[in-house]
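The values are calculated or read from the model by the stated rules, or taken from the named source; none is laboratory data. None of the values given here were measured: they were computed from a predicted structure. As a convention, Cβ positions derive from the backbone with ideal geometry for all residues, glycine included, and neighbour counts pool all protein chains shown. Note: accessible area is taken over every heavy atom of the protein model, side chains too, but ligands, DNA and RNA are not part of it. Shrake-Rupley method; radii C 1.70, N 1.55, O 1.52, S 1.80 Å.
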Amino acid sequence: MRLSGEEGTPSSNGGLSNTLEMRQTNEGLVDPLITRPQVYHGEGPFDAQSSDDEDDLVVRHSAETESISLLSGGRIPPSSPGRAERAEQSPRLHPEARRQNSSVRLLALILGGLISLSLVIGVIAGFSYSGTSYRTPGRRKITMDHIFNGTFWPSQPDLNWVAEAGDGVFSLSESGYIKLVDLKSNKTTNLINKDDLKDERGNTLFIHQWKLSDDMKYLLVKTDFKKQWRWSGFGNYYVHNIAEKTTHPLVPPSYPPQTAYATWSPTGNAIAYVAESDLYVLPSAEPNTSPIRITSTGNTSLFHGVPDWVYEEEIFSADYALWWSPDSSKVAFLSLDETAVPEFTFPIYNPTENADTVVPYTTDVRMKYPKPGYNNPLVSVHVFDLKRYLEIDPSLGRVADEETLTLDWDGRHPVNNSIISEVTWVGNSSLILKEVNRNADDGSVVLFELDSDSMTRARGKVVRKLGKNGEQGDNGWIDHDQTIYPVPTALASFVGTNAYLDIVPTPEGYNHIALFNPASSSKPQFLTTGEWEVTGKISGVDAKKGLVYFTAAKPSTERHIFSVPIPTQSSEKIVEPQALTDVTKPSYYSAKFSPEAGFYVLNYLGPSTPWTKVLDSDRPEFDFVLERNDMLNNITAEYEAATILHSTFTNDDYEFNVKEIRPPRMDDTGRIKYPVLFRVYGGPASQLVNQQFIRDWHEYVACGLQYVVVVVDGRGTGFKGRKLRNPVKDNLGFYETIDQIAAARAWAKKPYVDPKRIGIWGWASLFLLLLSYGGFMSSKVVEADAKIHSLAMAVAPVTSWRLYDSIYTERYMNLPALNPGGYVNASISSVEGFKHVDFLLAHGSGDDNVHYANSAHLLDMFTQHQVRGFRFRMFTDSDHSIYRRGGQREIYEYLTSFLVEKWGKGPRRV
């Protein structure tokens, strides 16, 4: 359920507080008051200036330096090393200097007088000057405590837009009430007193999530939450009558809870929910209303309306697989049968959070986990017609099955080779779905018109072809994202149509927004084009203005918010998108638009200190500041910071984005040599090199250990077009390894790099904790035995793609039987190279994503081939994030101590 609020669960990154203060200003869109002390040179090849010219940072009030604003991100780099750091003799002690002292004294007296005069003038001017203040970089040292105790974590509040209450209305939890704040009228009203939410025994409910019904009469509350997988869990749901202040359970509560999902209908107050794997619809939220049971075959291997593990993880990134039609007359849903999917089991050694607890017998986690070449869950698509069902005379004894359609279409892949990647209503009776094969190189977009009385209404029409012989038109893969956005019928030119927007690749291979009008159209009408990409999903549509809002990687390491008009005629030419954010300086933004796109929450995420505001799409002067992160600004000014350099690197005629994280006051002249640690992820369509503000463990490595950290997004990574992504298809790890080795060799030639101390490390993608492609990549680099890296660290790596899940792996690698050589080449097949580096391996034994079996397999190969010079640690019961019983801090301490043991701290003098 996409719920409007979350109570009682503090956000780890500083979510919306219970006493959110809204401050109205007239500043417009500005950068933070103080930027992080770092240097940005933008995109393109980089030739860093030397820091050898000055002994320390000097801020000169010249025309040049005054043009560098703290708001611009263009800071004067800290100069280093000074004479003391270089162990040079002071000029005052030199014999020649003594002979010149007498003449120098006179000059000093004259200069002293001028300086005194300038100080007086400066004091007077200081009281009248209103320009930007300058600060030198902080000098306080960063420790591991600062990285993990939240010192450098920006607060990023969020607004929960409440569409049912109108555009521009959001919820707020304050003083025991759930309140609604209307940005149009600037009024706040109490929605409910949380003390009124009581269970059947009179106990106040602890709110995990809630959502308002469309008629605003009821609140649907989720409580007693019990987590299952990454996105899913179970809860007991209650319906609260707002006017009468009464609460009743949706179904009788159980402990542990059995209801996996519940959601309101788009209109009225019907509820669709899934309990014990079966789908139900409650026609009304009134007490004592009898639910309609849509399915009756659900069990632990057959799910209706919710995804199984692999669909949740790799397709929907959500806990539901049901969708109401816009007029609430129908419910589409998936049924997923994983009966034939093999079961995977792993032990839990200690289910408590106390490491001293002794548990004599383990408990097992059992899950249906499809692996490459094995059975996938069998998927079918259904539509329950609630309107027809309610129109039937109850005395006839009709059952829900008779009003439930099973959808089919010509050219559908065999069910064991079929994946449904998207289901979206584009009208009250028009349904669109996307199907791809397991290899993700052949797919279809299918349209169903479900309002006719024809017996064939359950048979759809293929309106678009996807894949090599379709819209992609190349040897890459079909993306699995859900990107269809129905054009609002309130848009005058689209009344009565079922037109929709989608994000599809252009003939040049860049993802852009296209209009399909009507839904049966097979030809995209592009709204955007160019050698840049639209990212994520369409952010919103303003029907009054006819504008589409979206986020774009323009350029690839940045994110900006744009708008573009929806064409009303097929002959209209593409117009240049209008930026809502400042595109004149490197920046990274995200936005969350209100339901009708009249307002939006704008998050500035870097490279300077993040901030969050609410803006009005119509009134530029409207500017509500949610968070400035003033405290983080002040802290940033106190502490030393790494210098961040952005550049590009070319290998095999491909250009890659690069980020170099340098120690403060680094000497890049070559007189001293720094260790270089490459950080790698590199998974298909991923990105590590961007302009976001982040001060994580890598900042400590640069500031505390005085290492240079380098990140290179090589072949296969995202946001630079399909030409860069496609080469890795059917051969994961091959070209990515070549690119990382080429980058390491290039850095080894730089004058400030110690070629004997070049290493690489990888884990999961930082923000999403996806599969450990980084651990896989660092292991592949070691396997290549290129004799350039002396150290490598891999956390929770995939070591054989036959051990990972089927939908992800086969999308990029095909089935093992059809690409046997590719699977051998893409796995760790030789361990000879591991004898020639200092290698660290770590894995959580309770990893339900990248199973511990991957590391067990690698360790077994080490045993057979007598690889002994490595370090290994298992984190008991931790999943892929390694958090269990203090694991998160400990894994980074473990990595740090390994680096210091093998390389020591800091640079070495030549």
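Observations on the structure shown:
- Accessible surface of E596, taken over heavy atoms with a 1.4 Å probe and every protein chain present, rounds to 100 Å².
- Each residue of the stretch 261-335 gets 82 Å³ once the volume of the Cα convex hull is shared out per residue.
- Share of carbon and sulfur in the accessible heavy-atom surface of the stretch 251-357 [1.4 Å probe, %]: 52 percent
- When the listed pairs K141/K749; K659/K756; K198/K592; K659/K750 are checked against a 23 Å cut-off, the alpha-carbon distance exceeds it for K141/K749; K198/K592.
- Modelled this way, with points 7 Å down the Cα-to-C-beta line, the labels at F206 and E576 are 5.5 nm from one another.
- The rule of thumb for compact globular proteins, 2.2 N^0.38 Å, goes into the C-alpha radius of gyration of the stretch 588-664 1.54 times.
- The stretch 484-606 pair-distance distribution - Cα-Cα, 5 Å bins, rounded %: 2, 11, 22, 25, 20, 12, 6, 2, 0
- For the stretch 639-909, the solvent-accessible area of protein heavy atoms averages 30 Å² per residue (probe radius 1.4 Å; ligands and nucleic acids excluded).
- Cα gyration tensor shape of the stretch 639-706, rounded if a/c is under 1.5, else prolate or oblate by comparing a/b with b/c: oblate
- Residue-level accessible surface for E244, protein heavy atoms, 1.4 Å, Å²: 130 Å²
- Tail fraction, Cα-Cα pairs, the stretch 639-909, threshold 29 Å, whole percent: 27 percent
- Remark on S587: its backbone amide H falls under 5 Å from those of R559, a criterion applied only to residues 5 or more positions apart or on other chains, H modelled at 1.01 Å from N.
- Accessible surface for W153 stands near 120 Å², nearest 10, in the context of the full protein assembly shown (1.4 Å probe).
- Panel note: the C-alpha atoms of the stretch 406-481, placed on their principal axes, show extents of 42, 24, 18 Å (largest first).
- Accessible heavy-atom area order of T339, T404, T876, highest first, probe of 1.4 Å: T339, T876, T404
- The stretch 406-481: relative contact order as a whole-number percent, Cα under 8 Å and 6+ apart: 28 percent
- Taking only protein heavy atoms and a 1.4 Å probe, the accessible area of the stretch 440-543 is 48% carbon and sulfur.
- Computed over the stretch 142-191, Kirkwood Rh from alpha-carbon pairs, angstrom: 13.1 Å
- Average accessible area per residue (Å²) across the stretch 406-525 - probe 1.4 Å, nucleic acids and ligands excluded: 39 Å²
- Heavy-atom accessible area ranking, 1.4 Å probe, most first, across T483, T345: T345, T483
- Surface composition of the stretch 639-909: carbon and sulfur atoms hold 50% of the protein heavy-atom accessible area at a 1.4 Å probe.
- 5 Å binning of all Cα-Cα separations within the stretch 238-303, expressed as whole percents from 0 upward: 4, 16, 25, 27, 16, 8, 3, 1, 0
- Mean separation of Cα contacts under 8 Å (6+ apart) over length of the stretch 538-689, as relative contact order %: 12 percent
- Over the stretch 639-909, Cα pairs under 8 Å with separation of 6+ residues give a relative contact order of 18 percent.
- Accessible surface, the stretch 249-372, averaged per residue in Å² (probe 1.4 Å): 40 Å²
- Of interest is the spacing of the C-alpha centroids, which for the stretch 873-905 and the stretch 199-270 amounts to 39 Å.
- Amide N of the stretch 220-235 lying under 20 Å from the label point, which is placed 7 angstrom from the Cα of Y374 along Cα→Cβ: 229-230
- Largest first and in whole Å, the equivalent-ellipsoid semi-axes of the stretch 778-910 read 27, 20, 13, each the square root of five times a Cα gyration tensor eigenvalue.
- The convex hull of the Cα atoms of the stretch 782-837, projected and averaged over all directions, covers 4.4 nm².
- Note on the stretch 442-528: Kirkwood radius taken over Cα pairs, Stokes-Einstein applied at 20 °C and 1.002 mPa s, translational D equal to 152 µm² s⁻¹.
- Cα-based equivalent ellipsoid, the stretch 355-477: semi-axes from gyration tensor eigenvalues, Å: 35, 28, 12
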